[in-house]
Structure formats: structure tokens, C-alpha cells
Amino acid sequence: MAKRIGSRLFFLIVVALIVSGLVLAATPEFSGEMILTDAKGKVTTGKIYVQGTDKIRQEISDGDEVSVTILRLDKKLSWTLLPEQQYMEVNLPFDPNQPNLDLEYEVKTLGSETVNGYPCQIIQYTYQERKYGILVQWFSEELGFAVKTQTKDAKGKVTSTVEYRNIVEGKQPDELFEIPSGYTKFSIIPKLPFSF
């Protein structure tokens, strides 16, 4: 389970960092359904809640389990809520609202398309380091967010797709973006019944 949470967390953080850096005009505030499709066609569903350019909550369903990740880009942190009222904290190493200077890429506008009711510009980012592949986003200026994002390998094969549907614009409750009351920080090192 920890491995699944870790790989999902990494994927969601990468998508969120890229998306958050592309907010052009609008300040997004909405909730919606999230559809994630991997390279093998496996579909995972969830919910997304967005408050401005720096607070994102993602709830991913896997059978009866729901994993919750709260991205606090304003604090450069990510929290993953774990069972037994614990949370895991991950530092984000750079300002996600600025380009990552370690990654050079070429930007190309491929055209426009309406996705889930939102007119979007289709923008492709081709990374100079081939191992990072290609990112394609369907970005809605009206929403201030990418409604659809696709990652591709260096050969152009789609490796993942994230799409937001049934978007409801409007104020999101502040408590969605905070660690719930009673949660404690997860530590890999167990607490010993004695001290030195």
C-alpha cells in the first residue's frame, strides 16, 4: 500500500506542479471529477478541489480505499492522509509557481479545442532531456487551469492522462486544504518507550 501511495503521490505532485506553474489569468476555484488513465489503459477515478493557484486537494478511489493528498504550494509542502489519523509530509524543493530552471523545454501551441465545456489552448512542452518526454495540456484561460493533461515518452507514446470533468466553479471550504484535527505526523522511526 505504501508503494502505491508513493507512486500516486509522485505522479500527482508532478502534474500539480506543472499545472500550477501555468496559471495565466484566472484564479481557479472549483471542484470536479478526476479521471486518471495510465499507459496500460487502467482508469482510476477521484475528486479534485482547487482554491487559487496554491491549494489543491486530490482524493483517489481504489476500490473501498480513498487516498487523500493535499498540495499546499504556498508552503512548498504536500500532505498525504494515512490510516489511523496520520499524515505524511513531503517538501517541494522549488517554487512551483516558477519554471523549474533545471528542466529546459520547447513550448508549442498546437491549436484549440473545447474540453468538457471549456475552450482550451492545446500547449505542448517538449523537454530537451529526452527522459522527461513530452507534456501536452488543454489549458482553459477561463478556468485558470488545465482541464486535461497528457504525458508522453520521448517517442510520443502516451504514458498517462489526467482529465477533469463535471467541474463546479465556486468557493471551496478552507478546511479541505488543512490537516484534519487529531492527525499526527507519520514517522518511519517508531517512538521508543524510553528515552536516552
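The values are calculated or read from the model by the stated rules, or taken from the named source; none is laboratory data. This structure is a prediction, so every number in the text was calculated from the model and none was measured. Every residue, glycine as well, gets a Cβ built from its backbone with ideal geometry; the counts of neighbours run over all protein chains shown.
Worth pointing out:
- Scan of segment 46-91 for residues that are among the polar types (S, T, N, Q), in a loop (DSSP other than H, G, I, E, B) and within 14 Å of SER31 (Cα to Cα), ordered by number: THR53
- Residue list for segment 121-176, restricted to those being surrounded by fewer than 21 Cβ atoms within 10 Å (Cβ to Cβ) and of a type in the set (Lys, Arg): ARG130, LYS131, LYS152, LYS155, LYS157, ARG165, LYS171
- With respect to the conditions (1) at pLDDT 95 or above; (2) closer than 24 Å to ALA39 by Cα, TYR118 lacks only one, and its number is (2).
- Complete set of residues in segment 143-166 that are farther than 20 Å from LEU73 by Cβ and in contact with a strand residue (DSSP E or B) (Cβ under 6 Å, 6 or more places away or on another chain): LYS148, GLN150, LYS152, ASP153, VAL158, THR159, SER160, THR161, GLU163, ARG165, ASN166
- Filter pass, LYS108 being assigned to a loop (DSSP other than H, G, I, E, B) and either surrounded by 14 or more Cβ atoms within 10 Å (Cβ to Cβ) or of a type in the set (Lys, Arg) (or both): no
- Pair list, Cβ < 6 Å and 6+ apart or interchain, from segment 124-142 residues that are in contact (Cβ under 8 Å) with a residue 40 or more places away in the chain to residues that are of a type in the set (Gly, Ala, Ser) and not in a helix (DSSP H, G or I): GLN137/ALA146; PHE139/ALA146; GLU141/ALA25
- Test result for ASP64, within 29 Å of ALA154 (Cβ to Cβ), modelled with pLDDT under 85 and not aromatic (Phe, Trp, Tyr): no
- Qualifying residue in segment 2-24 (condition: among the aromatic types (Phe, Trp, Tyr) and at pLDDT 95 or above): no
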